[in-house]
Each structure stands twice: as C-alpha cells, then as structure tokens.
1. Could you give the angle, 0 to 90 degrees to the nearest 10, between helix A:605-626's Cα long axis and the longest principal axis of the Cα atoms of chain A?
2. Considering Cα pairs under 8 angstrom that are at least six residues apart, work out the relative contact order of chain A and quote it in whole percent.
3. Once you have the Cα-Cα distance between residue A:779 and residue A:765, take 0.36 nm times their residue separation minus that, and quote the gain in nm to one decimal.
4. So, how do all the Cα-to-Cα distances of the stretch A:582-722 break down into 10 Å bins, in percent, from 0 on up?
5. Could you go through the stretch A:694-707 in sequence order and give the Karplus-derived ³J(HN,Hα) for each residue, using 6.51 cos²θ - 1.76 cosθ + 1.60 with θ = phi - 60°, rounded to whole Hz, and x for Gly and Pro?
6. For residue A:302 and residue A:336 in one chain, what is 0.36 nm times their gap in residues minus the Cα-Cα distance, to one decimal in nm?
7. Please report the equivalent ellipsoid semi-axes of the stretch A:727-886, computed as sqrt(5 x eigenvalue) of the Cα gyration tensor, largest first, in whole Å.
8. What does a probe at residue A:246 reach in the stretch A:258-290, counting residues whose amide N is under 14 Å from the point 7 Å along Cα→Cβ?
Amino acid sequence: MSGVELDKGYDPSDVEKRCYDQWLNENQFHADDKSSKKPYSIVIPPPNVTGVLHMGHALNNTLQDILCRYRRLRGDNVLWMPGTDHAGIATQNVVEKKLASEGRSRHEIGREAFVERVWEWKEESGNAIINQLKRLGASCDWERERFTMDEGLSRAVRKVFVELYKQGLIVRDNYIINWCPRCNTALADLEVEFEEKQGRLYHIKYPLADGSGYFIVATTRPETMFGDTAVAVNPEDPRYQNITATHVKLPLTDRDIPIIRDSYVDMAFGTGALKVTPAHDPNDFHIGQRHHLESLKVIGDDGVMLEGAGTFQGLSREECRKQAVKALEEQGLLEKSDEHAHSVGHCYRCKTAIEPNLSRQWFVKTKSLAERAIKAVEEGRTRIIPEHWTKTYYEWMNNIRDWCISRQIWWGHRIPVWTCDACGQDIVEMEDPSVCPSCGKNELTQDSDVLDTWFSSALWPFSTMGWPDETDLLKTFYPTSTLVTGFDILFFWVARMMMMGLHFMDEVPFKDVYIHALVRDEEGQKMSKSKGNVIDPLTVIDSYGTDAFRFTLAAFAAQGRDVKMSLARVEGYRHFINKLWNAARFSMMHLDKEYPELDREHMGLADRWILSRLKKVTDEVAASIDGYHFNDTATSLYRFVWNEFCDWYLEASKPALYGKNGDACMNASKAVLFRVLKDTLVLLHPVIPFVTEEIWGKLPGVRGSVMNAVFPADLDDFGALEDLDSEKDMEFVMGVISGVRNIRGEMNINPSQNLAAVIQSDVDSERQTAWKFKDMIMVLSRLDSFDVREDGEKPRSSATAIVGESSLYVNLEGVIDFDKEVERLEKSIAKLSKDVETISKKLSNEAFMSKAPDDVVEKVRSQHQESKDKMDKYQENLAKIKEARTS
RNA sequence: GGGCGAUUAACUCAGUUGGGAGAGUGCAACCCUUACAAGGUUGAAGUCGCAGGUUCAAGCCCUGCAUCGCCCA
C-alpha cells in the first residue's frame, strides 16, 4: 500500500475552477486552422449577448461539450466556435426600459447616443453568459469568440445583403406584415406567437346600397371596419346567388363598398359574408390583391386610429372597438355578439397583440433558397436527428413565405441602402456611397431600419470563420460536422442557415443537425419566470457540482423526449460522482506507480472479466455518442462504474491487492486496476470533465491532462481485452455468490456470520469453475467452508439455490427456519412454473413450430429445458426440506 | 382544421431491425464488512392508456378511440 491520499469526499467547488484554468492555460480548447488531423467542428447556437444561462443553454451546451471532448479524445482537430448574438429587439427593449427608469426615451437622446448606450450595456453584461458557459465546463475555442455585430460579421452581413439585393432576392415592398405596436417594429411571421383568446364575435348589419336589405358580417375586430374596402361572399353560396345590389353601405361611414365573390370565403362561418380589410388582415390582403381592392390603413403604427376612422380617429384600437360597437348598437346595426374563442397573434418578445399592418418593408424572397435547402436534406447531405423532424422541416420549407427582415429599431445591422434625395435612386454597394451614381447629387439618405437579428445568425456557420475571406479556418472546418440545437429554433435559425449556407458557400452548413428536447420542470411545465418554476443552472452547479448536473442532463437526454429536471435526480448523480471518487480513492491506496503492461499470466478471473467488460462499455460509449444517444452513454457508464467496477471488481480484487495471492498476482491486479480506472476516466471525461481531470491528475506516473489521453478503443491492445470465457465463468461465480447472499438475506442470517456451502453438480465445467474460483466465492459470500462435489446426499439442514445447472446448498445447521425455506422454495417454483407453462404453450403450438425460424425454436426449446430442470431441482429440494421439517 | 410527440413499477424514465418486461429514485428488511452510510446485501412492486387488426409471436407494426403536450394554419 502506498500511493496518493484522496480526500474522503469529492468537493467540486474547489476542483472546478482549478481544472478549467488549467485547460485554458494549456490552450486545450484551441483548434488549428490547418492540421493533418481529421476536422470536427461545431458552431455554438449563439446565446443573446445580454442574456443569462438557463436550463436550455445548459442542456444544449453540455451535449455539444460531450461531442467535442469525445472527438478530441478520438484524435480529431476539434473546433467549437463560441459567440453571442446581439438580440436586436430584446436588447433594445432592455436598454429602453433602463432609459425609462431615468425618465428618458431613446428618441430624446437620439440614435447615436442610444446605440452607444446599448454597447455600454453589452460590455457590462456581455461576459455574464460566457462566464456561465465556462462554469458549465464548455470547451469552446474562446480565442475565436465572435459576436454578430463585430466588424467581421458585420462585413459578412453587408456582403450578403448586397449580393442578395443584386440578385433580386432582397426586395422592398408594400405588404401586409406583423406590426408590434409596443416594440414599434415589423416582425417576421415566425416572430408572432398565436394564443387562443376568448373574444366576441360581432354580427354587424351592412345595408345593401340599393336598399333591398342587408348583409350580416361577422367579425372579431369591429374596429377594423373603417378599413373595409369590400364585402366578400363565396360564389357558390346559394344565399347570395340572387343579390342584385353591387355595393353595401359601410356603417359608421359614408362610404359604399363593393360586394365581391371569392372562393376563399368560408360559407359555414357566420352568415358567409366576409368584411374585407386588406390593410389589417393578411387573408384580406390577399383577397384585396386578387380583386385589386384599395387598401385603407386605419390603425396607425402606434395602435391609434387614423383619419379613416372618422370621428373615432385618435382613439386606441381597444377604445375604438368599444365605442364603435356602442354606436352600431345605437343605430340598430349590431345584430348580436357571441362569445368566441379565436387565436390572436402576440409579439414573441413583449407579448403585445400584433397588428397586421400594411407597410413598406424589406423582404428576402425565400422560394429559390428554400428549394436548395430542401434538396440538401432529401439527398442526405444534411441529416436531421431524430429523423422525424425532417418532416417538420420539409413542411415549413415547402410553405415558406417571404421573410420580412427590416426592423424599425436602432440596435442591429443598419440596412445598407441609400436613397438619393434628388432622383430617388437606391444605392446598395459594399462601400458607403457618397454621390448618386445616377444623377451625381450627393444628398443621400440611408435607410433608417436595421436587419432582423436572425439575418446575421443565418450566416453564423461561415461568418464566424472569416467569410467573405477565404480563410484556412473555413477551408478546414466548413461545412461543420454537427449542429446541436433545440427544436424551437428549427425554423428561426436552422432552416435559414441552410438557405444562406447553400447560397453563399454552395455547401450545406452542417452535416448533422441534432435536435434535442426542451428542459421542463418536474411537472413537465415549461420553465418560465411568470410561473416561478425556473431552476437556475448556476444554483444547481453551486449545490451539486457541475459534473453531477451534466451527468443528469445527459442521462435525461433521450431522443425525442423532453427533459424534466428534478433536483432529486441531480442529487442522485452527485452520489455517483462521489462513488467514482471513492473508487479512485481506494484504487490510489494501492497504486504507487504507472503499470504500463498487463500481466495476463498472473491475472485473476475478476481481472480478466473487468477488462472484457471495459471493452464492452467502451464500445457502448462510442456507439451511443456517435448516434447521439446521450442517455445511453450515461446509463452504460453508470452501470459499469457502479455495478461492475465498484460492486464486483473492487471487492473481488481486494485479496489480490492486499497481497494474499503473492506479489505477482498483486502486481497483475494493480496493473488491471490502474488500466481500468484510467480508461474509465477517459470514457467518463466527455460527460463529467472535472472530476475525471482531478482524479487523472493524481494517477501515479500520469502526466498531462486527461484531455490528451487516447480513447480506450484506439489503444493497440483494445481488441485483446475481450474474454468471453472469463465473462461466462464470472457470471457463474457471481450467481453462486448472489445465491448465498440471497439465502442470507431472506433467512435473516447476520452478514457477519460465516457459513458453509456446497456446490453439487453433474456438469463438469460448472464444478470446475466453482472449484477454481472458490476463493472469490468464499470471500464475497462470507463462507468459512466451501465444497464442490459431483453427487452425494444433500445436507439436511440447508437452504438451496440453483445456479446454472448446479445446486447450491448453504448449511444452516441450527439456524434454519424450515418454514421460511419452504416459502422461499415455493416462491421460486411458482415463478419457474409460470415460465415453463408459457414456454410449453409455445412449443405445443404447431403453427409456432412450423413457422418460426429454427434458431428461435431452438432457443425456446433450450429455455424450456433450462427452466424445467431448474424447477425440478427446486421441487426435489422442497420435498427434502419438508421431510426434514417433519422428522 | 393539418401535423408531430407522449401514455411501461409509487415517481422519473430506458426498451435501436417483433422472439421469455428493464434501470434509477423511492419503499421494506438486515448490516458502522478496513474506498464510499452520499455506503453495502437482499427483497417487494407492472392487465406496457383503451379497443380492434396483421403475425406462429406485439410494449414494439397497422387502424380507430381517449387523455396530455407541442408546432403550424
């Protein structure tokens, strides 16, 4: 005994900072621009620069880190590109609120000063989330950290805008868009969240212009009626076949509006007559386009009624609704109003009800871009995992609409379009223009809007690598290997990166897209501030350690299933970390040097067995990470470490380690212990980097970081670790030991009481195995006497277990409780007889015998035989014990 | 309205080509055995949402239904 002394328990807080600093100092996370090694690259989904780490980030980045650390261990040149985005609307909102608390508005201080303030706020808070990612252990290449608004990325944005403009893929148009009256900006369709709201459906009489009656139109938004420019009915609708009037009188106004016929109108809804408001409803807008209707905007960008609302001008849209309804009622034009549930769009940033609004905005024409993005997935150049998300991807891509990219805010990439005040010419170039190329005048005005943040995020996989320059980084790492992200931004981000990557790089941005679940609370509710059910990842890290937290996230990350985070689970995995720590602590007591060679000649059964199991778990870990089955990775490791290494191997190898079998065996076992512990740390490292690094550093003779270790599967002798014979022998031996323990437990025999046991068997191999490894059997089942024989009388006062095809008798002379043993045996028999019954049924089923494949029939036969033999043996013993009881 | 997912032990969840239902936690009993009581040994616990169908064989494939959740319109 010697070696390094480890503390009794593992203290993460002390270790984590030290390890992380060590990695940074050693430049472990840095990727080479050029390298002969196989490249592996991931770009981080950039979090908002002013945001804070939440559970979603924690899961997302833990999975990326597992992949990156694993690929490094496999010898790849790994780039994990980190960075943040500027989150235009969200960040602007925050700074505006701060201004408001000072009693000022952004308009008061002006654009330049405001943007200055936002940069200040970014500097102030911008490192928070980066530091939080570091606490999570993220092994990003921090030297390459990028921000969507830094100079290089801004140049990429400019280039993309200019090129798309020149290609006719970016256009300015008057179109119905989603307007947030609170943020005062246009939004993309995606940025609107629909929510079912209880409203009212108002049935309003629209008198026919020729006085021959009236139409009843149903609407949830009576305030928009001032913008009506037609009433539409379905041409098929029999109710309106014989209408002679061509116009209706628009109530509360002096306007007549035409009656039009359009098959869009749902005859089953209301009375089948639809008021058409092209300027304030997307569907109406399209009807308006088809029928060349006028679009009359009656609600201003601030949500206040405009001139078209007549006497209602100046009212808010909510107040206008109230008063208009009242006026209609007074004039007898409101037939009725019913309770009505309908979905209302809300701003995804501030939750204000969206106003569909006619507006002049910039759009990306997405159709041709989407076609290539669809094709890339169809052809498998990009794989979406789990596969079922591809359908959602196709669905959206096939129905994609033009993307409104202009935002009426100040924080973001300003749209690089100048208009000549004199001749109206638009100028869109890489360099800021000073004179109009058309008329030569120099009074140019730049568009005041900025671009959607997602416009810059869409370029992330190549803009972060230096595009539009042809950098080595791009050559080495584009296309990236894997993108890890949540499904909530599949459209916002993934789809748009696909379009931009294919268009500008002529190559997909990533080969694999792994889509993980959302993290929810214990009840499965989405975590949100308003519900108060948010668990702060940093609190979890502080209480349980990063490794326990990461292991929990990995263990929960089953494909296609949400993660329900519970602190009880994290605590459970903290126990696992501690178990590992203590296993290492025990190991270190025996390890005093490096053991470079395995001494197969002097190894015991447990040694050969654990090496074989090590090979197995290594294969499992590699396969599960390669296939993004992170929960399987965690499960395999957990079982191996706890149930095989700790529960069996360490216990079984103690005699050898304590020198009871001589120095040669002791050293052979130490070498195995060293090897298994070392390789296990490497296998665990991608999931729990800190504790593994800490233990690694204390391994005798080992230099450098675990990050530079070789993955066990890549070691020369890896294949030679497998030893199926030893696995089989060990299984039998463990069966015997468990048999004794079971009897001890069920018969309430004190663990400290030594017992005598006998294996009786007519199977040569089982007798040999039992005899060969009797030392292990005796130690682990606490026997002071153990015998193996081919036949003979069963000991009178003993309890029985069947192991393999052998009988195990545990002598309970003087302590046996016959009734209990009868009960025990009957229980086993009942279980077996149920099995035998089911299997017999199969075997007597002619259809099964003739149609099932031979190997299956054979398997069932042997199962039947096995169970039956076992049951017979129990029954024999039961008879004997009953006999003994009565005598 | 269209689409996707979920439903397996008290709880949280695995179950990858269909071939005798698993884990962790919790629970119960016993144990301070010299790495770990944040531990050890043992045990109990499931009509795999419901109803049909395909098949020799269904937790798994097909259809319908129910409940819950999400996305899109």
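1. The angle comes out at about 10 degrees.
2. Details: 1574 pairs, mean separation 113.1, N = 887.
That works out to 13 percent.
3. Working: separation 14, 0.36 × 14 = 5.04 nm, distance 2.15 nm.
Gain on extension, residue A:779 to residue A:765, equals 2.9 nm.
4. Result returned by the calculation: 12, 45, 36, 7, 0.
5. 5, 5, 3, x, 9, 5, x, x, 8, 10, x, 7, 4, 5
6. Values: separation 34, 0.36 × 34 = 12.24 nm, distance 3.00 nm.
So the chain would gain 9.2 nm between residue A:302 and residue A:336.
7. On the way: eigenvalues 187, 74, 32 Å².
After scaling each eigenvalue by five and taking roots: 31, 19, 13 Å.
8. A:258-261
Rule-based calculations on the coordinates, nothing more; no lab input. In this text, all values refer to a predicted model and were calculated from it rather than measured experimentally. We place every Cβ from the backbone using ideal geometry, glycine too, and count neighbours over all the protein chains shown.
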